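These notes concern the structure reproduced below.
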Amino acid sequence: MLNLKLATDPRWVNLAEKNISEILTDHAYCEQKAATSCISLIIMYPDLKPIVEALIPIVSEEWSHFGMVMDEIYKRNFKLGFPRKDEYVNKLKKFQKKEGSREDILVEKLLTNALIEARSCERFRLLSIELDDEYLRKFYHSFMISEAGHYKLFMDLARIYKDNDYVKERWSQYLNHEVEIFNTIELRGDRMH
């Protein structure tokens with residue numbers, strides 16, 4: 001379903017398991033950033049009813065996820081660390097086309113969000129099947145399902161504002177660029193991406 005061109009390095013789960021407090025902190029901030037990103041799209045495109053209507057529930061869901069991760073952090077007697085620079089997301093944003101119509105720019109943002117959600121889904125899946133902690137396996141399984149739905153939603157929204165052939169071609173370019181990103185950034189067990 002996700003059609004990612006590069007699977008996560010299998011060593012990532014082992015690194016993440018050794019840094020579970022750091023992964024939970026990074027996950028919390030990923031959820032916060034996802035909610036913020038959707039709010040930004042609503043603010044930038046208040047005149048586009050499909051965007052507003054589709055993203056209002058996503059904002060609520062992402063913020064709810066932030067709360068769920070925070071509960072898990074506190075339940076484990078961890079502390080929420082400080083936000084971190086997300087090199088992966090920043091490199092995706094640099095790849096966005098900055099020229100064109102409002103709809104062109106919107107589609108770039110939607111495809112970026114779709115890819116972030118797809119990669120998160122893939123990583124949550126790995127955590128849900130490979131962590132030793134049974135509770136966390138179930139915890140991450142629920143996030144995996146949610147991220148898959150968000151990925152699909154962002155792709156569907158992109159197809160409202162650009163034809164399917166364009167979206168398919170540009171999506172392929174994003175996937176190729178993501179491979180380049182992973183070839184240039186360090187594999188870290190304290191980051192979701």
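The values are calculated or read from the model by the stated rules, or taken from the named source; none is laboratory data. Computed from a predicted structure; not experimentally measured. Ideal geometry is used to build each Cβ from the backbone, glycine not excepted, and the neighbour counts take in all protein chains shown.
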Check your understanding: Within the range 23-38, is even one residue touching a Lys or Arg at 6+ places or on another chain (Cβ under 6 Å) and within 28 Å of L131 (Cβ to Cβ)?
Key -> yes
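Would you mind finding the one in L131, L115 that is closer than 13 Å to Y174 by Cβ and either among the aromatic types (F, W, Y) or crowded, with 18+ Cβ neighbours inside 10 Å (or both)?
Values: L131 fails: closer than 13 Å to Y174 by Cβ.
Residue meeting the stated conditions: L115.
Of all residues in the range 80-110, how many are of a type in the set (D, E, K, R) and either closer than 14 Å to I23 by Cβ or touching a Leu at 6+ places or on another chain (Cβ under 9 Å) (or both)?
Of all residues in the range 80-110, those of a type in the set (D, E, K, R) come to 84-87, 91, 93-94, 97-99, 102-104, 108-109.
In the following step, the residues that additionally are either closer than 14 Å to I23 by Cβ or touching a Leu at 6+ places or on another chain (Cβ under 9 Å) (or both) were identified as 84, 86, 102-103, 109.
Matching residues across the range 80-110 total 5.
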Review point. Counting only residues that are in contact with a Lys or Arg (Cβ under 9 Å, 6 or more places away or on another chain) and either charged (D, E, K, R) or not in a helix (DSSP H, G or I) (or both), how many does the range 141-154 have?
Key: 1
Review point. Within the bounds of the range 174-193, is there any residue that is buried (at least 20 other Cβ atoms within 10 Å of the Cβ), more than 17 Å from V89 (Cβ to Cβ) and at pLDDT 95 or above?
Key: no
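Kindly establish whether L157 is in contact with a Phe, Trp or Tyr (Cβ under 7 Å, 6 or more places away or on another chain) and either on the phi < 0 side of the Ramachandran plot or not in a helix (DSSP H, G or I) (or both).
no
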